[in-house]
Amino acid sequence: MADIKALAVRTLERAMELDALRYGDFTLTSGAKSKYYFDGRILTLDPEGADLVSEAFLAMAVEAGATGVGGPTVAAVPIAGALALRSRQAGTPMDGYFVRDAIKEHGARKQVEGAVKPGVKVVVFDDTVSTGGSLLVAMDAIQAFGCEVVAVLCVLDRHQGGSDEVRRRGVPFRAMLEADADGNVVVSGAL
């Protein structure tokens, strides 16, 4: 089994090496102001970053009993691809998916895209969770699609209410990294 804590330590190091964690004045998707910004796509589209995150998330997904892996666009897309590939290579194949903000107005008119089928147990993940807006939309959509959410994962929990809401809904939540309001990012104490 993967050493998730060691993977998280190296993930934080790699995020720093890639300048994926920056300090300054930023406005988040939620509209909140922040002294720091974590650009998870820089990390998860980097070969080593994708490798680290997918290995950690695979271990957590297997532990949760999931057979489907995905989350909201755009952040979850590179993770879902890397994780689906890794799961096959590890002998525990999991179908990847991603959830659009809304149902497409053309084509197949789907909100949930990918190989996942109704009736399976899934994990939902995101690179960063603050208030949880897009993550909660993805959870609701995949449940409406007919899947059971057995865990929610993220690379960085900003501790701004999103992870608390996931837990309030009765779903286990795990983060590789966590931050305080000043942007001090550390390996999650819950690993």
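The values are calculated or read from the model by the stated rules, or taken from the named source; none is laboratory data. Quick caveat: nothing in here was measured; it's all calculated off a predicted structure. Don't worry about glycine lacking a Cβ; one is built from the backbone with ideal geometry, like all the others, and counts go over all protein chains shown.
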When restricted to R109, R174, R100, the only residue of a type outside the set (G, A, S), exposed (fewer than 15 other Cβ atoms within 10 Å of the Cβ) and out of contact with any Gly (no Cβ under 9 Å at 6 or more places or on another chain) is R109
Counted residues in region 15-33 being surrounded by fewer than 20 Cβ atoms within 10 Å (Cβ to Cβ) and either part of a helix (DSSP H, G or I) or among the polar types (S, T, N, Q) (or both) come to 5
Checked pairs for region 68-80, first touching a residue at least 24 places away in the same chain (Cβ under 8 Å), second in a loop (DSSP other than H, G, I, E, B) and surrounded by fewer than 24 Cβ atoms within 10 Å (Cβ to Cβ), C-beta under 9 Å and 6 or more apart or across chains, list as G68/A115; G68/K117; G68/V120; P72/R100; P72/D101; T73/R100; T73/D101; P78/L45
Residue count, region 169-187, condition closer than 16 Å to V123 by Cβ and assigned to a loop (DSSP other than H, G, I, E, B), comes to 4
Among V129, V116, the single one that is buried (at least 24 other Cβ atoms within 10 Å of the Cβ), free of Cβ contacts under 8 Å to residues at least 60 places away in the same chain and touching a Lys or Arg at 6+ places or on another chain (Cβ under 7 Å) is V129
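When you check L83 against the structure, is it under 21 Å from D39 (Cβ atoms), within 12 Å of the chain's Cα centre (by Cα), modelled with pLDDT of 95 or more and part of a helix (DSSP H, G or I), yes or no?
Numbers: under 21 Å from D39 (Cβ atoms): yes; within 12 Å of the chain's Cα centre (by Cα): yes; modelled with pLDDT of 95 or more: yes; part of a helix (DSSP H, G or I): yes.
Yes; evaluated as a whole, the condition is true for this residue.
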Note on region 27-48: residues modelled with pLDDT of 90 or more and of a type in the set (A, V, I, L, M, F, W, C) are F38, I42, L43, L45
Being farther than 17 Å from A64 by Cβ, β-branched (V, I, T) and surrounded by fewer than 24 Cβ atoms within 10 Å (Cβ to Cβ) is the requirement here; does V149 meet it? no
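Look through region 155-168, keep the residues that are in contact (Cβ under 8 Å) with a residue 24 or more places away in the chain and outside any loop (DSSP other than H, G, I, E, B), and return whichever of them is surrounded by the fewest Cβ atoms within 10 Å (Cβ to Cβ). It would help to see each step written out before you state the result.
First, pick out the residues of region 155-168 that are in contact (Cβ under 8 Å) with a residue 24 or more places away in the chain: 155-158, 160-163, 165-166.
From what's left, outside any loop (DSSP other than H, G, I, E, B): 155-157, 162-163, 165-166.
Numbers: V155: 29, L156: 25, D157: 26, G162: 24, S163: 22, E165: 18, V166: 24.
Among them, the one singled out is E165.
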Subset of region 85-113, residues touching a residue at least 24 places away in the same chain (Cβ under 8 Å), out of contact with any strand residue (DSSP E or B) (no Cβ under 8 Å at 6 or more places or on another chain) and among the hydrophobic types (A, V, I, L, M, F, W, C), comes to L85, A90
Checked region 135-147 for anything on the phi < 0 side of the Ramachandran plot and either in a loop (DSSP other than H, G, I, E, B) or out of contact with any helix residue (DSSP H, G or I) (no Cβ under 9 Å at 6 or more places or on another chain) (or both); matches are V137, D140, A141, I142, Q143, A144, F145, C147
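Among G162, G132, which is the only one that is more than 19 Å from A64 (Cα to Cα), of a type in the set (G, A, S) and modelled with pLDDT under 95? Please lay out each step first, then the result.
Values: G162 fails: modelled with pLDDT under 95.
Going through G162, G132 in turn, just one is more than 19 Å from A64 (Cα to Cα), of a type in the set (G, A, S) and modelled with pLDDT under 95: G132.
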